[in-house]
1. Between 38, 86, which is out of contact with any helix residue (DSSP H, G or I) (no Cβ under 9 Å at 6 or more places or on another chain), touching a residue at least 40 places away in the same chain (Cβ under 8 Å) and loosely packed, with under 14 Cβ neighbours inside 10 Å?
2. Find the strands (runs of 3 or more DSSP E) located wholly in segment 19-95 whose residues include 2 or more that are within 10 Å of the chain's Cα centre (by Cα), and list them.
3. Of all the residues that make up segment 1-26, how many are in contact with a strand residue (DSSP E or B) (Cβ under 8 Å, 6 or more places away or on another chain), under 18 Å from residue 68 (Cα atoms) and surrounded by fewer than 17 Cβ atoms within 10 Å (Cβ to Cβ)?
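Values quoted throughout were computed directly from the atomic coordinates according to the rules given, and no laboratory measurement underlies them. Here the structure is a predicted model, which is why all the values come from computation and not from measurement. Cβ atoms come from the backbone with ideal geometry, glycine included; neighbour counts cover every protein chain shown.
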C-alpha cells in the first residue's frame, strides 16, 4: 500500500505536447516532446493505437516529471504521460481547462 508520503514524491505537472514523432523501433510507441514551461522533455508513450499526431499536437496533459530516464526500445524517455484504460481502450488524462505550463497537479 502506498502512503501519502509516497504520493508526494511524484512530481505531476501540466505540460503541452509540442511535437509527435514515430518511434523508430516500435509499432505502438510515439515519441512526444512536451513543454513544461521552464523546460522541454522527450517522453515515449504507448498510445499510438489510440491517437494520431494531429489529435495530440497542442493537447495539455499530465506528466510525471521526476522519473528517472528510461530507454524504451532504444529511445530515451524522460517522463511519463498519464493515461487511463478500460475494456474500450485508452485515454490520456487532460486538465478540464488549459493551465499554466508546469503547474503542479495535487
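1. Unique residue meeting the criteria: 38.
2. Filter on segment 19-95 gives 30-35, 40-45, 60-64.
3. Residues in segment 1-26 being in contact with a strand residue (DSSP E or B) (Cβ under 8 Å, 6 or more places away or on another chain), under 18 Å from residue 68 (Cα atoms) and surrounded by fewer than 17 Cβ atoms within 10 Å (Cβ to Cβ): 2 in total.
Yes/no matrix, rows are residues, columns are (1) exposed (fewer than 13 other Cβ atoms within 10 Å of the Cβ); (2) free of Cβ contacts under 8 Å to residues at least 60 places away in the same chain; (3) within 12 Å of residue 14 (Cα to Cα):
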site	(1), (2), (3)
28	yes, yes, no
31	no, yes, no
44	no, yes, no
54	yes, yes, no
60	no, yes, yes
64	no, yes, yes
68	yes, yes, no
75	no, yes, no
